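What follows is a set of notes on a single structure, which appears directly below.
The values are calculated or read from the model by the stated rules, or taken from the named source; none is laboratory data. Nothing here was measured: the structure is a model prediction, and the numbers come from that model. Because the Cβ atoms are built from the backbone with ideal geometry, glycine has one as well, and the counts that use them run over all protein chains shown. Calculation scope for accessible area: heavy atoms of the full protein, side chains included, ligands and nucleic acids excluded. Shrake-Rupley method; radii C 1.70, N 1.55, O 1.52, S 1.80 Å.
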Amino acid sequence: MALVPEGVPSWGKNSDRWERAYAHFGLEVPSERVRLTRRRRIEYLPYFNAGFVMFPNAPQSGGSFGAQWLETALHFDQHCSIGQKRPWLDQITLPLTIKRFGYDYLVADTALNFSISDRAFEPDAKPVLMHYHRWRNLHAWHQTEQALLALDQIAGPNLAARMRRHYAEFYEMEAA
């Protein structure tokens, strides 16, 4: 599987939460580290953006990754008494599932899930997918115009016209 690291250590950075999370499943905390993608870009425990995960479509031994991730998340949510799991439950349980079921992973290029919220403008960036959280985050990025044109092509003329009507205020701000 391939994943893009999370931008910042939004959960477990100043406590023993990760140790307790891995121990809940009888696992050791991994020794490997990934480089987070925003702000100081620190080395951190495997912690990935759960919005874009590439994994095999065919079931592996023990079931499909999606089913294993869901089972891990539900079990962790219901049976592990660690605070502040929400809204990061998916991101917390993603590396737990990988470790729990013995998956290997590759760190994917940040361009595949280029998160722009809380990120300094990078004029030369060439995102494949812009992860923006809120419309207002798109305004500073010149890549937005090209992304919206690509979205129009993907959506087709009828859906693109409906989207432009629905989000007219946003499109107008982009043109200004």
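Under a 5 Å amide H cut-off, with hydrogens placed 1.01 Å from N, Phe48 pairs with Glu6 among residues at least 5 apart or on other chains.
Note on the chain: with a GNM built from Cα contacts shorter than 10 Å, the maximum mean-square fluctuation among Phe48, Phe25, Phe121 falls on Phe121. Of the residues Pro56, Ser115, Gln143, the one whose Cα sits farthest toward the positive end of the charge dipole of the stretch 22-176, with +1 on the Cβ of Lys and Arg and -1 on the Cβ of Asp and Glu, is Ser115. A straight chain from His79 to Asp124 at 0.36 nm per residue would run longer than the Cα-Cα distance by 11.7 nm.
Please name whichever of Pro87, Tyr44, Pro30 sits farthest to the positive end of the charge dipole of the stretch 15-146, dipole taken about the Cα centre and charges placed at Cβ: Lys and Arg +1, Asp and Glu -1. Projecting each Cα onto the dipole axis, the largest value belongs to Pro87.
Distance between the pseudo-spin-label points of Ser10 and Arg39 (7 Å out from Cα toward the beta carbon): 1.2 nm. Farthest towards the positive end of the charge dipole of the chain, among the residues Leu129, Ser10, Ala160, is the Cα of Ser10, using unit charges on the Cβ of Lys, Arg, Asp and Glu. Taking Cα centre as origin and charging only the Cβ of basic (Lys, Arg, +1) and acidic (Asp, Glu, -1) residues, the dipole magnitude of the stretch 37-130 rounds to 240 debye.
Rounded to the nearest 20, the Cβ-based charge dipole of the stretch 62-176 about its Cα centre (Lys and Arg +1, Asp and Glu -1) stands at 320 debye. Between Glu71 and Arg165, residue separation times 0.36 nm minus the direct Cα-Cα distance comes to 29.8 nm.
Across the chain, the relative contact order, built from alpha-carbon pairs under 8 Å that are at least six residues apart, equals 22 percent. Lys13 sits with roughly 120 Å² accessible to a 1.4 Å probe, with DNA, RNA and ligands left out of the calculation.
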